[in-house]
Amino acid sequence: MLKIDFNRENLDKCLCPGCPVQKESNCIKDQVIEMEEVSHDIDIDSGVMIGPDEVPKLYCSTGKSKCNDLYTHEECQCPQCDVWKENDLEARGAPAYFCVNGRAVECCKITGDEDFDAKSREMRRTYYTPI
Ligand code: SF4
Ligand code: SF4
């Protein structure tokens, strides 16, 4: 089953922070400020934590954004992202815009692993078929 880990490596690859869909969202700006405050919290014993669903990126792993002021008429950056490419999300039929469509594991059911294998075989066959 398709699973995209919420880890530092994928967070670093994610292109959501610069994406015009969420760049001007006041709700996202508040989430970023909250994240920065938590990461700079000098009181290490305060127990202040932030959950993955509060982090405004890597939606393909965590699911829909809680913000409802996203500019979805702008272009999603996911197809340019290494996480997208490494997980073959194009071939799996991912609709991108994970911040509004939800996690990849949910949205990509339309092309399950069996279908994906068949599609890959078909693509290879087409590619190598002699003219
Ligand atoms: S999931 Fe796509 S549309 Fe949403 S913020 Fe990330 S890159 Fe932009
Ligand atoms: S595919 Fe989209 S949501 Fe997932 S890491 Fe890349 S830019 Fe972020």
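The values are calculated or read from the model by the stated rules, or taken from the named source; none is laboratory data. Given the structure is predicted, the values throughout are model-derived calculations rather than measurements. Note: ideal-geometry Cβ built from the backbone for every residue, glycine included; neighbour counts use all protein chains shown. We work out accessible area using only protein heavy atoms, side chains counted, and drop any ligands, DNA or RNA first. Shrake-Rupley method; radii C 1.70, N 1.55, O 1.52, S 1.80 Å.
Sequence gap at least 6, Cα distance under 8 Å: using those rules, report the relative contact order of segment 1-86 to the nearest whole percent. List each step's numbers first, then the result.
Numbers: 84 pairs, mean separation 40.8, N = 86.
Computed value for segment 1-86: 47 percent relative contact order.
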Calculate the length of the line joining the C-alpha centroid of segment 10-31 to that of segment 65-94, in whole Å.
12 Å
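Largest first, what is the accessible-area ranking of Tyr59, Tyr71 with a 1.4 Å probe?
Values: Tyr59 10, Tyr71 90 Å².
Descending accessible area places them as Tyr71, Tyr59.
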Check Gly102: other-chain or 5+ apart residues with amide H under 5 Å from its amide H, H built from backbone geometry?
Lys64
Going down the list Lys23/Lys85; Lys23/Lys57; Lys3/Lys23, which pairs span over 18 Å between their C-alpha atoms?
Lys23/Lys85; Lys3/Lys23
Students sometimes get this wrong: rank Met35, Met1, Met49 by accessible area, probe 1.4 Å, all chains present, largest first.
Met1, Met49, Met35
Would you mind computing, in nm to one decimal, how far apart the modelled labels at His40 and Asn68 are, each placed 7 Å from Cα along Cα→Cβ?
3.1 nm
